[in-house]
Amino acid sequence: MLNQIPLPNKGVILAVDDTPASLRLLTDILKAEGYEVRSAISGELALHAATVQPPELVLLDVSMPGLNGFEVCQRMKEQEQTRDVPVIFVSSMSDTQEKLKGFELGAVDYVTKPFQREELLARVHTHLELNRLRHRLEDMVEDRTRSLQISEMKLRANLLESISAIAATVEMRDPYTAGHQRRVAMLATAIAHELGLSQHQIEGLHLAAVVHDVGKIKIPAEILSKPGRLTELEFELIKQHPQDGYEIVKEVDFPWPIAQFVRQHHERLDGSGYPDGMKGEEILLEARIIAVADVIEAMASHRPYRPGLGIEAALTEISAKRDTMFDAAVVDAALRLFREKHYQLHS
């Protein structure tokens, strides 16, 4: 008999479940896909294993005797060596309030039992890749400070490539909005040129707009693509994505405050936005530009809960809220682009 060629190691995962059968099933699925799997049958063992040798990702049951999954996640996020390890809860608890609690504690995703094998593997792959891309960005910036031989142009091209990869990872989970971030970035850049911003400002604005919705990686896919009206709790999850996006990119030392642009893109001049209810000039100009571009693209494009409303409806909306919710100069620049210079959203 020929020896079976082993699959290459695709990543180290810690699987945690107090039910031996469930733990075995999870382990077998992951190993068959080429992952290196370490198992723990209790919260205490999981915390010890993660602390001694941090994995790349943790799949964590919620309902366990002793330390439950929420407590394990909280303690991991409090420890320096494990705080950046992505945690995906895998639980039979499907209540939205429980999911919300998990995200508040720092989890990146929540898979409900019984799960589909393909869905679980897709989410594991997505979060591993996102975490690796984030670390790759940090390494790239560190390399820049250590090596003066790397040209600024090449560095920024690499930054853009990695940022685009993160954006693509997010949109893989939400096919209804594929291309949204790219179209918003192009429109925001055009508005910035119309306003006469410097090339340096425009470059930072473009990068931020490309990943302004990166925080949606933490929102369950079924909520992102839900065709009906969201519940209050589901909308609260959606409203967390600017803060979650900020947390994802804040440690990367960009030449611009990219994380703040991402955090503020749903703030409104009158204080009605989120997550911080900022007002007027408290909101960075770049974030005010992304906010207008985001609304125009979202209204004009198709969504699972409604057909596209068209550019005129979007322009009417921003005009009606000019100088109350949206920056007047930014709105005027957008109107000029579409009505006088015949700008079109790219497909």
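The values are calculated or read from the model by the stated rules, or taken from the named source; none is laboratory data. Keep in mind it's a predicted model, so treat the numbers as computed, not measured. Virtual Cβ from ideal backbone geometry, glycine too; neighbours counted across all protein chains shown.
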_Here are the criteria: (1) part of a helix (DSSP H, G or I); (2) at pLDDT 95 or above. Tell me which single one A21 does not satisfy._
(2)
*Given (1) at pLDDT 95 or above; (2) farther than 22 Å from K77 by Cβ; (3) assigned to a helix (DSSP H, G or I), index of the condition R263 fails*: (2)
*May I ask you to list the residues in the range 112-137 that are under 17 Å from the mean Cα position of the chain (by Cα) and either assigned to a strand (DSSP E or B) or among the aliphatic types (A, V, I, L, M) (or both)?*
A122, V124, L128, L130, L133, L137
_Checking the condition at positive phi and not in a helix (DSSP H, G or I), which residue from G277, G273 passes?_
G277
_Any residue that is over 23 Å from G273 (Cβ atoms), in a helix (DSSP H, G or I) and under 11 Å from the mean Cα position of the chain (by Cα) - is there at least one of those in the range 171-188?_
yes
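Does V124 satisfy being modelled with pLDDT of 90 or more, aliphatic (A, V, I, L, M) and in contact with a Cys (Cβ under 6 Å, 6 or more places away or on another chain)?
Spelling it out, it is not the case that V124 is modelled with pLDDT of 90 or more, aliphatic (A, V, I, L, M) and in contact with a Cys (Cβ under 6 Å, 6 or more places away or on another chain).
Checking the condition out of contact with any Pro (no Cβ under 9 Å at 6 or more places or on another chain) and among the hydroxyl-bearing types (S, T, Y), which residue from S42, S94 passes? Step through it out loud before you land on a result.
On the way: S42 fails: out of contact with any Pro (no Cβ under 9 Å at 6 or more places or on another chain).
Just one listed residue meets the conditions, S94.
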*Among the residues of the range 29-66, which ones are assigned to a loop (DSSP other than H, G, I, E, B) and either among the acidic types (D, E) or touching a Ser or Thr at 6+ places or on another chain (Cβ under 7 Å) (or both)?*
E33, P54, E56, D61, V62, S63, M64, G66
*asked:* Anything in the range 308-324 that is among the β-branched types (V, I, T) and in a helix (DSSP H, G or I)? List them, or say none.
replied: I311, T316, I318
_Residues within the range 230-243 that are assigned to a helix (DSSP H, G or I) and at pLDDT below 90, tallied_ = 7
